[in-house]
Amino acid sequence: MITTGAQITGDLHLTAEVCVIGTGAGGAVVAKELAAAGRDVVVLEQGGYYTKDEFTQREDEMMPLLFEDMGQRVTTDQSILILQGRSVGGSTVHNLCYCFRTPQPILEKWRRDDGVRDMSYEQLAPSFERVERMLKVKAIEPHEVNTLNNKIREGCEKLGYHGLIARHNRENCTTSGFCILGCPFDAKQSMLITYVPAASAAGARLYANCPVEKVRAADSRVRSVEGRVVDALGRPRHAIRVDAQVVIVAAGAVNSPQILLNSGIANSSGQVGHNLHLHPSVLLSGVYDEDIYGYRGIPQSYYVDHFIDLEKDPSSGYLIMPIYGFPVMTAANLPGFGREHSEVMQSYHRMVGILVLMHDASAGTVRVDRSGKPQISYQVNAKEQALFVDGMKHCAEILFASGATKVLVPYEPPLWLRPGDDLRAIDRRGLRPNNPLLVSTHPQSTCKMGEDPRRAVVNSWCQSHDLKNLFVCDMSVFPSSLGAPPQISTAAIADRTAHYIKDNWSQIVA
Amino acid sequence: MAETDGIFGSLSRRSFLRYTAVSAGLLSLSRLRALPALAAESVPAVGLQVLAPHQAEVFTAIVERMVFTGAAGMPAVRDTRAIETIDQGLLQLDASLQSQVQWLLAIFQWGPPLFQLKLKTFTGMTPDERDAYLRSWATSRHQTRRLAFRALKNLSMLGYYSQDATWKGIHYDGPWAPMERKVLSAEA
């Protein structure tokens, strides 16, 4: 059963065995698994419930519906735009379907550095398999690689850079290319059409438009969850309270620490909100003489892993990936204005977007202000500033190698490069706050996992060190930057956590 | 060129920055048109509701320089509903933020004597002068002016490039499976 805010006509006081906060790759999975195990589950989602019939493929309408803070969440210095999902299904509704398992060296690093137990690649494999089966993960077929992705592949092959065609979670894809605005064909196997309906079918009660404000604890146990029922415009209408034996916070790496900090719980380590990693990215554009129509087809099917070697160094490196934006997004993001800007827009159909995604050791924080809203601070360290410069130069190389006639590095004022230009121009501009603008779609690690209660918020099973019946189950728990798109890792760890709760229920609620 | 942010500094910096924070994003002020969509109501075009005619004229002049419509296939700003789209968006802001935007437009319009020592208004400038003036905001050493430029730019891009009529000129096909628009019809 899925109930939206508009259907709630008064204050609600519910009881459940389990209350899950959030319906993204973590919350939806744990809700489904526990409901299927016979537990009475209530799920609260702050965003609305939108389905394919509402996905109009218009960015001005869809981005605000599907993204946190209506697509405007930024760091306090406004240098990094942070895009996170906020509707039923969370970020899986708008993501671009890359499916990577957690890299083995990262799991080994988590074991070594943070004492994470029983989470080797082999031990996580059953969860990977269950999640991938549910999400219908498969390899992208070569014929499904669009022109834009093929341009990047062509450039890499000429330069000898290693890249791969990715796996994804789409079924009967029309290759319309509108993934980021929500799939109007239900081809994307997001939580919205997989785990959420499965949870509902198993008896979970899901309430949309219900942002959580506090989790109440007493006598060393979590007792209840309190929030608001809001209308379609976000205005509070009613109160909602759920008394539960187990609470699972899965609201994402900004909102989960926000809830815990506002609740004043689970923070004896002082680490809630710390260790924020973002996978910050910078986007370049290449302009070609030939038609690309980059918005057509699967947006991201290829990736370049030549500049990251987690076996050698699990803490450093970057991926290079294709990217594309729709007109408003592109126009707003391109530097400059007027005639020069317009000339670039005239080449909209001949552009290839490419990004550097940093596996970041740089760390930031999520705090809450006096009104309880999250404040995100993050600065790229000197080493990663240099890596960004390196990455931007490689992106320019790749674009030129595949025929780009000019490359735009998005500084303000813009830096235009042409074939044969000295790429050291990028060295001279470097990377400074706000120039170029960075983007993050993978905030993580703000409630980190680890066995030392002084250094970690949750243990190896995502269970609070302070409150035994409180779990955090989203990207917040990653002890370090993942170094790969996080959807499958988040879902697999949630699956593992759900099975832990299922198997240890009496001990947890005792 | 000498520049000063004296009057600009008298703006409520906190709320202004809160407003312009959106400008740092890819989508900037797209939320402005999202609210009617959230309400799932069709909003009829009933003329300008936030911007006074003289403010709309200033904003139109800004959009015209921001997007440059001289290229083939690109409609003139005045032939689209870009300003109505922006106005509908502003309508969704609370009154204080609407006031901030109106104030920004006033400062922008009357700013050349202050910021560039030119005895002209923005709309009284030649196109080249307007571009130079915009550029002075874009590259100002004062963050508040740069952010104001970004807000104006992003509103301009949102207003103009959300119009279906602009898509042909940039070779964008639009929605794969067209569906009824949830907000106001943006077509001229």
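The values are calculated or read from the model by the stated rules, or taken from the named source; none is laboratory data. Just so we're clear, the structure is a prediction, and the values are computed from it rather than from any experiment. Using ideal geometry, Cβ is built from the backbone for each residue, glycine included, and neighbour counts are taken over all protein chains shown. Side chains are part of the model used for accessible areas, which takes the heavy atoms of the whole protein and leaves out ligands, DNA and RNA. Shrake-Rupley method; radii C 1.70, N 1.55, O 1.52, S 1.80 Å.
Viscosity 1.002 mPa s, temperature 20 °C: Stokes-Einstein D of chain A from its Kirkwood Cα radius, in µm² per second?
After rounding, the answer is 94 µm²/s.
Helix A:121-134 against the longest principal axis of chain A: what's the angle in degrees, Cα atoms only, rounded to the nearest 10?
Relative to chain A, helix A:121-134 is tipped by roughly 90 degrees.
Would you kindly derive the ³J(HN,Hα) couplings of the stretch A:204-214 from the backbone phi angles with the Karplus curve 6.51 cos²θ - 1.76 cosθ + 1.60 (θ = phi - 60°), listing them in order in whole Hz, with x for Gly and Pro?
Residue by residue, the stretch A:204-214 yields 5, 9, 10, 10, 8, 6, 10, x, 8, 9, 9 Hz.
Can you list the lysines whose alpha carbon sits under 18 Å from that of residue A:312, skipping same-chain ones fewer than 8 residues off?
Partners found: A:109, A:383.
Taking H as built 1.01 Å from N, whose amide H comes closer than 5 Å to the amide H of residue A:213, not counting residues under 5 places away?
A:226, A:227, A:228
Express in Å², to the nearest 10, the accessible area of residue A:98 obtained by rolling a 1.4 Å probe over the protein heavy atoms while all chains stay in place.
Number for this one is 20 Å².
Have a look at B:114, B:66, A:303 and report the one farthest towards the positive end of the charge dipole of the protein assembly as shown, computed about the Cα centre with Cβ charges (Lys/Arg +1, Asp/Glu -1).
Sorting the options by dipole projection puts first B:114.
Nearest 10 degrees, 0 to 90: what angle lies between the long axis of helix A:27-36 and the longest principal axis of chain A (Cα atoms)?
The angle comes out at about 40 degrees.
At a probe size of 1.4 Å, how large is the accessible area of residue A:241, to the nearest 10 Å²?
100 Å²
Quick one: length gained pulling residue A:339 to residue A:451 fully straight, 0.36 nm per residue minus the C-alpha distance? Numbers along the way, then the final one.
Details: separation 112, 0.36 × 112 = 40.32 nm, distance 5.75 nm.
Gain in length upon complete extension: 34.6 nm.
Which shape class applies to the stretch A:1-123: rounded if a/c is under 1.5, otherwise prolate when a/b exceeds b/c and oblate if not, where a ≥ b ≥ c are the square roots of the Cα gyration tensor eigenvalues?
oblate
Send over a whole-number figure in Å² for the accessible area per residue of the stretch A:9-151, probe 1.4 Å.
32 Å²
What FRET efficiency, computed as 1/(1 + (r/R0)^6) with R0 = 56 Å and r the Cβ-Cβ distance, is obtained for residue A:435 and residue A:6, rounded to the nearest 0.05?
Calculated value: 0.85.
Return the loop-located GluC sites (Glu not before Pro) in the stretch A:310-394 (DSSP other than H, G, I, E, B) with at most 10 other Cβ atoms within 10 Å of their own Cβ; answer none if there are none.
Filter output for the stretch A:310-394: A:311.
List the accessible area buried at the contact between B and A, summed over both sides and calculated with a 1.4 Å probe, in Å² to the nearest 100.
Chains B and A together bury roughly 4800 Å² of accessible area.
Expected output is a single nm value to one decimal: the length gained when fully extending between residue A:311 and residue A:412, i.e. 0.36 nm times separation in residues minus the C-alpha distance. What is it?
32.7 nm
Once you order the gyration tensor axes a ≥ b ≥ c over the Cα atoms, which shape class does the stretch A:1-53 get: rounded for a/c under 1.5, otherwise prolate or oblate by comparing a/b with b/c?
It comes out oblate by the Cα gyration axes.
Count charges around residue A:117 for me, please; just the other residues with Cβ under 11 Å from its Cβ, Lys/Arg as +1, Asp/Glu as -1.
Details: positive: A:111; negative: A:114, A:118, A:451.
Value of the local net charge: -2.
What whole number of Å gives the distance from the Cα centroid of the stretch A:340-396 to the Cα centroid of the stretch B:108-126?
Here the two parts' Cα centres lie 35 Å apart.
At R0 = 45 Å, how high is the FRET efficiency between residue A:136 and residue B:102 if r is their beta carbon distance? Nearest 0.05 is fine. Before the final figure, lay out each step's value.
Numbers: r = 51 Å, r/R0 = 1.14.
That pair, residue A:136 with residue B:102, gives E of 0.30.
As I understand it, the value is the acute angle between the Cα axis of helix A:104-114 and the longest principal axis of the Cα atoms of chain A; what does it come to in degrees, rounded to 10?
50 degrees
Could you check what % of the DSSP bridge pairs in chain A are antiparallel, to the nearest 5?
In chain A, DSSP labels about 65 percent of beta bridges as antiparallel.
Tell me the mean residue ellipticity at 222 nm calculated for chain A from its helices only (DSSP H runs of n ≥ 4, each -39500 (n - 2.57), averaged over every residue, nearest 500).
Calculated mean residue ellipticity at 222 nm is -8000 deg cm²/dmol.
Which entries of A:151/A:406; A:138/A:188; A:138/A:502; A:32/A:468 have Cα-Cα distances beyond 18 Å here?
Numbers: A:151/A:406 14 Å; A:138/A:188 12 Å; A:138/A:502 29 Å; A:32/A:468 21 Å.
Over 18 Å apart, Cα to Cα: A:138/A:502; A:32/A:468.
Calculate, for residue A:290 and residue A:503, the FRET efficiency according to 1/(1 + (r/R0)^6) with r their C-beta to C-beta distance and R0 60 Å; round to the nearest 0.05.
Efficiency for this residue pair is about 0.60.
Restrict the search to the stretch A:297-362; then list the trypsin sites (Lys or Arg not before Pro) that DSSP places in a loop and that have at most 16 other Cβ atoms within 10 Å of their Cβ.
Details: sites: A:312, A:339, A:350; in loops: A:312.
Within the stretch A:297-362, the qualifying trypsin sites (Lys or Arg not before Pro) (loop, at most 16 other Cβ atoms within 10 Å) are A:312.
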